[in-house]
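Novice: Take this structure, written in structure tokens, and hold onto it; I'll ask about it next.
The values are calculated or read from the model by the stated rules, or taken from the named source; none is laboratory data. None of these values were measured; they are calculated from a predicted model. When we count neighbours, we look across all protein chains shown, and the Cβ atoms used for this are built from the backbone with ideal geometry, even at glycine. The area values use the complete protein model at the heavy-atom level, side chains included, leaving out ligands, DNA and RNA. Shrake-Rupley method; radii C 1.70, N 1.55, O 1.52, S 1.80 Å.
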Amino acid sequence: KDCKMLIIYSPAKDLSDQDREKVEEYLSKGGKMLLITDCGDESFENLYSMMKEYGIEVVDGMVIEEDMNYCLSNYANYLVPEIESHDITEFVAGGNYYIIMPIAQGLKVNDDVENEYLTVTPLLSTSDSAFSKKAGVNSTSAEKEEGDIESDGGFALAAAVSKYVDEEETRIV
């Protein structure tokens, strides 16, 4: 009840059904959450299906960048994403800074979920040629292989969600 912001940082296991209900209740009342995922091989059905309701699909695996302008030289999994325009990124973008994201997990923004009460804004993005290695950190090659996930126009690597429910604003990054 006194939570100002919920932080879920690289969870080791999925939320239980009971914990998911608690998080959903907190968020539905204007809660704030910072979620940082990891590209390990654990299953997070409850957590990721909850995020789908907020317009974010977490992509399995680890993002590999084929456009060398979006990664460190010779390190296709050390991403240098495009910094998108948003209040959160204003300082970084305005200061001509760069962000390096080693071993990142991709996100897809689901436009079908958006409505007048829900806004999903990518904060950091890959190039259109990025893809996700399904094997994640267990990959032995940065080459695209069968089973890897195409980005269909790039992945978001960070996103901001704002949803209004009964005049309360839920915010998720």
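Novice: Please work out which residue is surrounded by the fewest Cβ atoms within 10 Å (Cβ to Cβ), limiting yourself to the range 30-49 and to residues that are in contact (Cβ under 8 Å) with a residue 40 or more places away in the chain and over 18 Å from ILE172 (Cβ atoms).
Specialist: Of the residues in the range 30-49, the ones in contact (Cβ under 8 Å) with a residue 40 or more places away in the chain are 30-35, 37-41.
The next check asks that each one be over 18 Å from ILE172 (Cβ atoms); those that pass are 39-41.
Numbers: CYS39: 23, GLY40: 17, ASP41: 12.
By that ranking, first place goes to ASP41.
Novice: Checking ILE64 against (1) in contact with a helix residue (DSSP H, G or I) (Cβ under 7 Å, 6 or more places away or on another chain); (2) in contact (Cβ under 8 Å) with a residue 24 or more places away in the chain; (3) of a type in the set (A, V, I, L, M, F, W, C); (4) buried (at least 17 other Cβ atoms within 10 Å of the Cβ): exactly one of these is not met. Which one?
Specialist: Single failed check for ILE64: (1).
Novice: Mind telling me which of the residues SER132, SER127, SER162, SER151 ends up being surrounded by fewer than 21 Cβ atoms within 10 Å (Cβ to Cβ) and either within 22 Å of CYS71 (Cα to Cα) or among the basic types (Lys, Arg) (or both)?
Specialist: Values: SER132 fails: surrounded by fewer than 21 Cβ atoms within 10 Å (Cβ to Cβ); SER162 fails: either within 22 Å of CYS71 (Cα to Cα) or among the basic types (Lys, Arg) (or both); SER151 fails: surrounded by fewer than 21 Cβ atoms within 10 Å (Cβ to Cβ).
Selected residue: SER127, the only one of SER132, SER127, SER162, SER151 that is surrounded by fewer than 21 Cβ atoms within 10 Å (Cβ to Cβ) and either within 22 Å of CYS71 (Cα to Cα) or among the basic types (Lys, Arg) (or both).
Novice: Can you name the residue in the range 3-19 that is surrounded by 13 or more Cβ atoms within 10 Å (Cβ to Cβ) and in a strand (DSSP E or B) and, of all such residues, is nearest to the chain's Cα centre (by Cα)?
Specialist: ILE8
Novice: May I pose another question? Could you tell me whether any residue of the range 68-85 is open to solvent by less than 60 Å² (accessible area, probe 1.4 Å), of a type in the set (S, T, N, Q), closer than 19 Å to VAL161 by Cα and not in a helix (DSSP H, G or I)?
Specialist: No, every residue in the range 68-85 fails to be open to solvent by less than 60 Å² (accessible area, probe 1.4 Å), of a type in the set (S, T, N, Q), closer than 19 Å to VAL161 by Cα and not in a helix (DSSP H, G or I).
Novice: Only residues in the range 87-110 that are part of a loop (DSSP other than H, G, I, E, B) count as the first member; pair them with residues that are of a type in the set (Phe, Trp, Tyr) and open to solvent by less than 40 Å² (accessible area, probe 1.4 Å), Cβ under 6 angstrom, at least 6 apart or cross-chain, and list the lot.
Specialist: These pairs meet every condition: GLY106/PHE155.
Novice: Any residue that is part of a strand (DSSP E or B) and among the charged types (D, E, K, R) - is there at least one of those in the range 142-160? Lay out the reasoning, then the answer.
Specialist: Of the residues in the range 142-160, the ones part of a strand (DSSP E or B) are 149-150, 156-160.
Next, from what is left, pick out any that are among the charged types (D, E, K, R): 150.
Within the range 142-160 (the criterion being part of a strand (DSSP E or B) and among the charged types (D, E, K, R)), the answer is yes, since at least one residue qualifies.
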